[in-house]
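First the structure, in the form of structure tokens, and then the observations on it.
No lab work stands behind these numbers, since they all come straight from the coordinates. Every value quoted in this text rests on a predicted model; they were computed, and no experiment measured them. Glycine also receives a Cβ, built like all others from the backbone with ideal geometry; neighbour counts cover every protein chain displayed.
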Amino acid sequence: MISAPLHLLDCCVITDGGGALVVVHPDLARDLRTPPVRLLGSAEAIAHTSAGRRDFLVSAAAESGPRAFAEAGLSPRDVQMAMIYDSFTITVLVTLEDLGFCKKGQGGGFVSGGRIALGGELPINTDGGGLSSNHPGMRGIFLVVEAVKQLRGECGERQVPNCRVALVHGTGGALGNRHSGATLILGRT
């Protein structure tokens with residue numbers, strides 16, 4: 001037990017690592033050797049506690065998710081895979097609820113039965129996530145890199161079949177106190 005109800009394997013270990021993205025205008029992307037991935041929608045939000053008036057089980061994703069989906073003209077039903085920041089196992093549950101994949105309080109049931117595993121209804125963190133892949137202090141870049149690889153069909157054994165729309169959500173700061181959230185909806189062209 002680390003801090004009830006979180007055990008050792010529910011908590012991310014900080015590691016070394018780095019990543020990069022190349023962002024270009026769509027006109028230039030047509031001439032690249034690798035298939036481009038489009039940013040269909042994006043939003044960010046900040047959530048904070050103010051004199052104890054904020055619900056600790058509501059994250060910034062409750063604001064950024066619906067705005068990103070609206071910009072993309074899509075809904076959670078349109079997403080084939082998601083990369084969600086997983087500093088702790090509970091972070092994924094709260095974020096899934098706040099993004100609209102399930103109702104508040106139903107995150108545990110939503111992820112059970114292999115639903116978020118590779119081959120499940122909504123594969124999440126196909127690279128293993130921060131809990132088993134890496135977390136160099138700034139995990140967000142790896143979420144985007146894996147989503148792009150999935151959309152391009154470059155993931156071999158961990159490939160989500162016919163992946164056309166991916167969601168990426170990153171969280172920064174202290175989840176229960178003051179934090180930020182950014183949601184991206186990415187699509188294959």
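For the stretch 8-188, calculate the relative contact order in percent as a whole number, restricting contacts to Cα pairs under 8 Å that are 6 or more residues apart.
35
Quick check: Cα centre of the stretch 54-107 to Cα centre of the stretch 116-189, how many Å?
Using only Cα atoms to place each centre, the spacing works out to 13 Å.
Compute the length gained on full extension between M138 and L28: take 0.36 nm times their separation in residues and subtract their Cα-Cα distance, giving the result in nm to one decimal.
Answer, rounded to one decimal: 36.7 nm.
Taking H placed 1.01 Å from N in the peptide plane, check which residues at least 5 places from G41 or on another chain put their amide H under 5 Å from its amide H.
Result for G41 returns I185.
Which ordering of D31, D98 is given by a fewest-first count of other beta-carbon atoms within 10 Å? Could the numbers behind the result be given before it?
Details: D31 8, D98 26.
If I rank by nearby Cβ atoms, fewest first, I get D31, D98.
Amide H neighbours of G128 under 5 Å, counting only residues 5+ apart in sequence or on other chains, H built in-plane at 1.01 Å?
For G128, no residues qualify.
Can you pull out the trypsin sites (Lys or Arg not before Pro) in the stretch 97-189 whose DSSP state is coil and whose Cβ has at most 11 other Cβ atoms within 10 Å? Can you show the working numbers first?
Values: sites: K103, K104, R115, R139, K149, R152, R158, R164, R178, R188; in loops: K103, K104, R115, R139, R164.
Passing sites in the stretch 97-189 are K103.
Taking 7 Å along the Cα-to-C-beta vector as the label spot, tell me the R38-V145 distance in nanometres, rounded to one decimal.
Output for this residue pair reads 2.6 nm.
S180: net charge of surrounding residues, Cβ under 13 Å, Lys/Arg +1, Asp/Glu -1, itself excluded?
Residues close to S180 contribute a combined charge of -1.
Can you list residues from other chains, or at least 5 along the same chain, whose modelled amide H is less than 5 Å from the amide H of M83?
The list, which skips near neighbours in sequence, is N125, L167, V168, H169.
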